[in-house]
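Accompanying notes for the structure given below.
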Amino acid sequence: MKTILNVIWLVLSGFWLFLGYLLAGALLCITIIGIPFGLAAFRIGVYALWPFGYTTTERHDAGAPSLVGNVLWLILAGWWLALSHIVTGVALCITIIGIPFGIANFKMVPLSLLPLGREIVPTDQLFATR
């Protein structure tokens, strides 16, 4: 079922969101200071490409540097990536078939706003550790 959802997601919004994250990552990697942010954009871009079967969790070893990084991320790239998720989510919610995919877009907004200090893990791994 996850594969079917991911393929539909890829066609409806995943590919375009992936390209947005790739663009953000490439722009952020231009400077040496921006490389960690660019890598985060690439990581989230892969998640935006194929999200079903994965979830995000907080990293407990992330401290003050990730807080500072999240503030910088929010200013540099987070707000317009979150806006792209919101616009895509609203567009998908117009149809009944697109509602689950729109909700998935809305669930990605917090990650696109504040990605540092979070990691993407398979849902099977998350539930196996509990």
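The values are calculated or read from the model by the stated rules, or taken from the named source; none is laboratory data. If you're wondering where the values come from, they're calculated on a predicted model, not measured in any experiment. Every residue, glycine as well, gets a Cβ built from its backbone with ideal geometry; the counts of neighbours run over all protein chains shown. All accessible areas refer to the heavy atoms of the entire protein, side chains included, with ligands and DNA or RNA removed. Shrake-Rupley method; radii C 1.70, N 1.55, O 1.52, S 1.80 Å.
With bins 5 Å wide starting at 0, give me the P(r) of the stretch 49-125 over every alpha carbon pair, in whole percents.
With a bin width of 5 Å, the distribution comes to 3, 16, 21, 21, 19, 13, 5, 2, 0.
Run the dipole for the chain about the Cα centre, Lys and Arg Cβ at +1, Asp and Glu Cβ at -1, nothing else charged, and hand back the magnitude in debye, nearest 20. Before the final figure, lay out the partial values.
Details: 6 positive and 4 negative charges, 21 e Å.
The calculation lands at about 100 debye.
If you take all C-alpha pairs in the chain, what percent of them are over 21 Å apart?
So the portion of pairs separated by more than 21 Å is 39 percent.
With a 1.4 Å probe and all protein chains kept in place, how do 108, 1 rank by accessible area, largest first? Kindly include the intermediate steps, with their values, before the conclusion.
Details: 108 5, 1 165 Å².
These residues rank, largest area first, as 1, 108.
Calculate the spin-label point distance for residue 3 paired with residue 27, positioning each point 7 Å from the Cα along the beta-carbon direction, and give it in nanometres.
3.7
Under the rule of at least 5 residues apart or a separate chain, name every residue whose amide H is placed under 5 Å from the amide H of residue 54.
Under 5 Å from the amide H of residue 54: 123.
Which is farthest toward the positive dipole end of the chain among 4, 51, 38, measuring Cα position about the Cα centre, with Cβ charges +1 (Lys, Arg) and -1 (Asp, Glu)?
Going by the charge dipole, the pick is 4.
Kindly provide the helix-only [θ] at 222 nm of the chain, computed as the sum of -39,500 (n - 2.57) over DSSP H runs of four or more divided by all residues, to the nearest 500 deg cm²/dmol?
Mean residue ellipticity, 222 nm, calculated: -19500 deg cm²/dmol.
Roughly how many whole Å is it from the C-alpha centroid of the stretch 1-21 to that of the stretch 56-130?
About 15 Å separates the Cα centre of the stretch 1-21 from the one of the stretch 56-130.
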